[in-house]
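The values are calculated or read from the model by the stated rules, or taken from the named source; none is laboratory data. Remember, it's a predicted structure, so these values are computed and weren't measured experimentally. Here the Cβ positions follow ideal geometry from the backbone for every residue, glycine too, while neighbour counts run over all protein chains shown. Surface accessibility is based on the protein's heavy atoms, side chains included, excluding ligands, DNA and RNA. Shrake-Rupley method; radii C 1.70, N 1.55, O 1.52, S 1.80 Å.
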Amino acid sequence: MTGSEELAGRFEEHRGRLKAVAYRMLGSLSEAEDAVQETWLKLSRSDADDVRNLGGWLTTVTGRVCLDLLRSRAARREEPMDDALGTFVPDPVLRPLSHLDPAEEVLQADSVGLALLVVLEHLAPDERLAFVLHDMFAVPFDDIAPVVERTPAATRQLASRARRRVRGAAPSTEPGLGRQKEVLDAFLAASRAGDFEALLALLHPDVVLRADSGALARGAAVSKAVRGAKAVAEQALLFARFSQAAELVLVNGSVGVVNAPDGHVRSVMGVTITDGRITGMYILADPERLARLEAPGPAH
């Protein structure tokens with residue numbers, strides 16, 4: 001094995017963690033892949049023999065690459081940083097809902113929900129980096145500080161500010177996948193039956209629906225943000241025909257819904273559920289972004 005092959009093998013051992021860091025930083029699967037690839041290029045051009053902690057080095061380099069992307073995004077005032085209407089939905093991670101057992105729930109425990117990613121999108125880039133690297137991946141502030149060009153104490157304050165915003169804005173959800181499935185089964189049944197009262201009973205009074213259809217859909221922007229059980233139930237009935245082909249899947253580790261009638265994903269919905277009622281709905285229906293997703297197998 002050559003030195004370059006050995007280095008590539010060592011890098012592959014860390015790829016999963018690096019992609020997880022980049023996804024939480026960027027909310028985009030394709031950009032996360034690009035960031036990991038950029039990290040590999042930086043490693044291949046470096047003297048890896050001088051790196052004592054390769055995993056830590058790769059994590060902070062990935063963080064720096066993502067920070068540069070976020071700063072560039074903010075400078076151009078692109079979505080989602082300029083998401084005034086509150087309709088941006090990050091890329092979902094889809095998995096088959098093949099079984100619901102304790103082992104499956106343990107495997108999903110480290111997933112990051114769409115609701116949390118939505119909140120992270122509204123943090124300043126430096127805050128997001130400090131929070132993601134420290135709170136989610138246990139990177140010491142001494143290692144993060146050079147990336148954000150601050151002292152460790154100032155970096156700690158960045159993470160603390162981000163933590164307060166996340167705690168105040170990110171809704172919680174039922175921890176049990178089985179209970180989540182019961183609620184969504186009932187929601188789909190009520191949608192298919194056109195049962196408005198049943199839908200209301202499943203929705204929290206202050207439920208918020210975010211539907212991200214991209215910039216244009218058939219020539220008109222249809223992304224929307226809707227608040228309140230009555231308004232959300234009306235939307236569910238308006239699009240009830242799409243629920244006929246809906247299947248339950250895992251969306252970022254929680255039970256969600258995918259509409260892929262012909263094997264091509266047409267929409268994905270993640271939800272937050274508290275005390276048996278849906279508190280948040282996050283729908284991605286952007287054709288361009290959905291085209292890059294693979295349809296998972298149906299639930300059984």
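Here is how the numbers come out for the structure above:
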| read-out | value |
| --- | --- |
| Selection count where residues are touching a residue at least 40 places away in the same chain (Cβ under 8 Å) and either under 24 Å from VAL148 (Cβ atoms) or in contact with a Ser or Thr (Cβ under 9 Å, 6 or more places away or on another chain) (or both), scope region 1-19 | 6 |
| Failed item, numbered, when LYS224 is tested on (1) among the charged types (D, E, K, R); (2) closer than 17 Å to ALA198 by Cβ; (3) modelled with pLDDT under 95 | (2) |
| Count of residues meeting criterion [outside any helix (DSSP H, G or I), open to solvent by less than 60 Å² (accessible area, probe 1.4 Å) and polar (S, T, N, Q)] in region 1-41 | 1 |
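A quick yes/no check of all residues on (1) touching a strand residue (DSSP E or B) at 6+ places or on another chain (Cβ under 9 Å); (2) in contact (Cβ under 8 Å) with a residue 60 or more places away in the chain; (3) open to solvent by less than 40 Å² (accessible area, probe 1.4 Å):
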residue: ALA229; (1), (2), (3): yes, no, yes
residue: GLU234; (1), (2), (3): yes, no, no
residue: VAL257; (1), (2), (3): yes, yes, yes
residue: HIS264; (1), (2), (3): no, no, no
residue: VAL268; (1), (2), (3): yes, yes, yes
residue: THR274; (1), (2), (3): yes, yes, no
